[in-house]
1. Give me the net charge of Ala188's neighbourhood, meaning all other residues with Cβ under 12 Å from the Cβ of Ala188; Lys, Arg count +1, Asp, Glu -1.
2. Largest first, what is the accessible-area ranking of Met187, Met35, Met7 with a 1.4 Å probe?
3. For Asp108 and Glu142, what is the calculated FRET efficiency with R₀ set at 22 Å and r taken between the beta-carbons, to the nearest 0.05?
4. What number comes out for the charge environment of Ala117, summing +1 per Lys or Arg and -1 per Asp or Glu over other residues with Cβ under 14 Å away?
5. Considering only the other residues whose Cβ falls under 9 Å of the Cβ of Met7, what net charge follows from Lys and Arg at +1 and Asp and Glu at -1?
6. Can you tell me the length gained on complete extension of the stretch Glu197 to Val33, counting 0.36 nm per residue apart and subtracting the Cα distance?
7. Grab the beta carbon distance between Lys183 and Ala130, set R0 = 25 Å, and tell me the FRET efficiency rounded to 0.05.
Amino acid sequence: MGRSTGMFESLKGGGAAIALDEIEISILRSLAVQMLELIGPGEPEPAEDADPLAALFAEGPSEPPSDPALARLFPDAYGSPDGTGDEGVDPAELQARSAEFRRYTENDLRTRKREDALAVVRSLDALTPAGDGAAVLELTGELPLRWLGGLNDLRLTLAARLDITEDDEGAALFRLPDGDPRKPMVMAYLWLGGLQESLIETL
């Protein structure tokens, strides 16, 4: 694979590969670890004598998270918090539906997002950099999809922190002067977008 591309390329037997330098590895790992901290620890292990069926249907939170990044990662299933988006439906009804849906799905969603972020960290930790500090990361099996989920979550988190919406993609932010403290985060957001796009193309 071409060393200079910095994007994912298809592997012959299936999967994807990318050459990463020390700085790229460090940035990706740091972002994924921060993502794990943001999502928080997993559900406590049920007691040995706990009813496995009860554990299966354990309820999660019914309120959306207050942190804007978490709210972007765990959005309401029906409409938006201000009641718009589902014309003709009573906002209180939408809120009740969303609360119910969240109660039964958010724990599973958190688990999946945590596993995706962990997969990113573990595969980066398994890399053996060459003399120049670069390494080739090869993703096979379920890892490309895990990485796709992880990269998407990282972008959503950065977008929330930068207040980038899907509509405008924060056009003004992309022209920030080099001295602006948000510039590195914007560059990371754009880079993650390129990685995500190239990984989708390999799949």
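1. Summing Lys and Arg as +1 and Asp and Glu as -1 gives +3.
2. Met187, Met7, Met35
3. 0.85
4. +3
5. Summing Lys and Arg as +1 and Asp and Glu as -1 gives -3.
6. Difference between extended and current length: 56.8 nm.
7. 0.25
The values are calculated or read from the model by the stated rules, or taken from the named source; none is laboratory data. Remember, it's a predicted structure, so these values are computed and weren't measured experimentally. Every residue, glycine as well, gets a Cβ built from its backbone with ideal geometry; the counts of neighbours run over all protein chains shown. Surface areas here come from the heavy atoms of the whole protein model, side chains and all, with no ligands, DNA or RNA. Shrake-Rupley method; radii C 1.70, N 1.55, O 1.52, S 1.80 Å.
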